[in-house]
Amino acid sequence: MDGGEPRRGQAYPREERRVSTIFGKIIRREIPADIVYEDDLCLAFRDVNPQAPTHVLIIPKKEIPRLADANAEDQALLGHLVLAANQVARQLGVENAYRLVVNNGAGAGQSVFHLHLHILAGRPFRWPPG
């Protein structure tokens, strides 16, 4: 997986400089993905290495490497990602029991440096996670 840390940019596809992460390639349709949802701001697709019976990633089309790299101008986008997660969960029939996860940085388990939310469902989860 190509998970190198890109620099911040603008939303796809308007930007001229293209990020090299695997998620950028999925957004540009350079590689296939099992896409379950898309709108102007984000894209959701099934994880190729699922950790639960339902495991979907939601990514912004705007390049933000980590949650820690988001700023005040990203507030509406971040809220949109959470609402999109609700919509995807309803669409997949897991709206009553799912976990929404964001890993920030390699030490927290982030392997692709393009912000993404995990929707995990279909099995029991424990607390605390990890």
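The values are calculated or read from the model by the stated rules, or taken from the named source; none is laboratory data. Fair warning: this is a prediction, and the values are worked out from it, not measured in the lab. Counting neighbours? That spans all protein chains shown, and the Cβs are built from the backbone with ideal geometry, glycine included.
Can you pull out every residue in the stretch 91-130 that is β-branched (Val, Ile, Thr) and in a strand (DSSP E or B)?
Step one: filter the stretch 91-130 for residues β-branched (Val, Ile, Thr), giving 94, 101-102, 112, 119.
Correct list: 101, 119.
Condition check ((1) touching a residue at least 12 places away in the same chain (Cβ under 8 Å); (2) out of contact with any His (no Cβ under 6 Å at 6 or more places or on another chain); (3) surrounded by fewer than 21 Cβ atoms within 10 Å (Cβ to Cβ); (4) within 13 Å of residue 114 (Cα to Cα)) across all residues:
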{"site": "33", "(1), (2), (3), (4)": "yes, yes, yes, no"}
{"site": "38", "(1), (2), (3), (4)": "no, yes, yes, no"}
{"site": "66", "(1), (2), (3), (4)": "yes, yes, yes, yes"}
{"site": "70", "(1), (2), (3), (4)": "yes, yes, yes, yes"}
{"site": "82", "(1), (2), (3), (4)": "yes, yes, yes, no"}
{"site": "89", "(1), (2), (3), (4)": "yes, yes, yes, no"}
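Report yes if residue 83 is at pLDDT 95 or above, among the hydrophobic types (A, V, I, L, M, F, W, C) and assigned to a helix (DSSP H, G or I), otherwise no. First the steps, then the outcome.
Numbers: at pLDDT 95 or above: yes; among the hydrophobic types (A, V, I, L, M, F, W, C): yes; assigned to a helix (DSSP H, G or I): yes.
So residue 83 passes the test.
Could you tell me whether any residue of the stretch 38-54 is at pLDDT 95 or above, in a loop (DSSP other than H, G, I, E, B) and among the basic types (Lys, Arg)?
Step one: list which residues in the stretch 38-54 are at pLDDT 95 or above, which gives 38-54.
Still in the running and in a loop (DSSP other than H, G, I, E, B): 39-41, 47-53.
Restricting the remaining residues to those that are among the basic types (Lys, Arg) gives none.
No.
In the stretch 102-127, how many residues are touching a strand residue (DSSP E or B) at 6+ places or on another chain (Cβ under 7 Å) and either more than 25 Å from residue 28 (Cβ to Cβ) or in contact (Cβ under 8 Å) with a residue 40 or more places away in the chain (or both)?
Kept after step one, since they are touching a strand residue (DSSP E or B) at 6+ places or on another chain (Cβ under 7 Å), are these residues of the stretch 102-127: 102, 114-122, 125.
Now narrow it down to the ones that are either more than 25 Å from residue 28 (Cβ to Cβ) or in contact (Cβ under 8 Å) with a residue 40 or more places away in the chain (or both): 114-122, 125.
So the count comes out to 10.
Test residue 88 against the criterion of being among the β-branched types (Val, Ile, Thr), under 11 Å from the mean Cα position of the chain (by Cα) and not in a loop (DSSP other than H, G, I, E, B), and give yes or no.
On the way: among the β-branched types (Val, Ile, Thr): yes; under 11 Å from the mean Cα position of the chain (by Cα): no; not in a loop (DSSP other than H, G, I, E, B): yes.
No; evaluated as a whole, the condition is false for this residue.
Quickly run through the stretch 55-80 and pick out the residues that are outside any helix (DSSP H, G or I) and either touching a Cys at 6+ places or on another chain (Cβ under 7 Å) or hydrophobic (A, V, I, L, M, F, W, C) (or both). Explain how you work it out, then say what you get.
If we filter the stretch 55-80 for residues that are outside any helix (DSSP H, G or I), which is where we start, we get 55-66, 70-71.
If the condition is that a residue be outside any helix (DSSP H, G or I) and either touching a Cys at 6+ places or on another chain (Cβ under 7 Å) or hydrophobic (A, V, I, L, M, F, W, C) (or both), then 56, 57, 58, 59, 60, 61, 64, 70 are the ones that fit.
Run residue 12 past the list (1) modelled with pLDDT of 95 or more; (2) over 12 Å from the mean Cα position of the chain (by Cα) and report the number of the one that doesn't hold.
(1)
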